[in-house]
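No lab work stands behind these numbers, since they all come straight from the coordinates. Remember, it's a predicted structure, so these values are computed and weren't measured experimentally. Every residue, glycine as well, gets a Cβ built from its backbone with ideal geometry; the counts of neighbours run over all protein chains shown.
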Amino acid sequence: MMLRKALTGWIVVAVVMILLGLGAVAGAQGGQVRELPPGTIAEWRRYAAEVEQGTRTPSGLTTRMMTETAIAQQAHARSALSLLRLVGAGVALLGLFLLVDLVRYRSKHAGPT
């Protein structure tokens, strides 16, 4: 009886792992990084160029740095979401394997309720 209760607890843990992993995958999918339109990128670069040329008032060097940084952030965000998706899928699969193994073990060794 004690073994059956312990296995039931671990089965619950496995189900929670599956749900957390699938939740992470779904969250990463929902928060997908949107690509900046090429027109927006060109406009930002044109603005930075105008500032550098002195036709706009902000600091040219700072505006250029901030523009390129903003554009580069997409790659970092995309890779972070890919990693979250991978880890979430791994946790879900681990939980699934654990669940199947525990249910199989309990049905063979724990006896009737």
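Our coupling estimate for region 57-63, obtained by passing each phi through the Karplus curve with A = 6.51, B = -1.76, C = 1.60 and θ = phi - 60°, is 8, x, 5, x, 5, 5, 5 Hz, Gly and Pro reported as x. Per-residue Karplus couplings for region 79-89, computed as 6.51 cos²θ - 1.76 cosθ + 1.60 with θ equal to phi - 60°, are listed in order as 5, 5, 5, 5, 5, 4, 4, 5, 5, x, 5 Hz, Gly and Pro entered as x. In this structure, the amide hydrogen of ARG56, modeled 1.01 Å from its nitrogen in the peptide plane, lies closer than 5 angstrom to those of VAL51, counting only residues at least 5 positions away or on a different chain.
Once mean projected area of the Cα convex hull in nm² is calculated for the structure shown, the corresponding label among (1) 15.0; (2) 6.4; (3) 9.4 turns out to be (3).
Could you order peptides 53-64, 15-26 by the average number of other Cβ atoms within 10 Å of their residues, highest first? Let's see the in-between values first.
Details: 53-64: 12.1, 15-26: 15.8.
Listed from highest to lowest mean packing, they are 15-26, 53-64.
Legend: calculated FRET efficiency, LEU19 to SER107, from the Cβ-Cβ distance at R0 = 22 Å, rounded to 0.05, equals 0.50. Round to the nearest 10 and give me the degree value, 0 to 90, for the angle of helix 38-53's Cα axis relative to the longest principal axis of the chain. Around 40 degrees separate the two axes.
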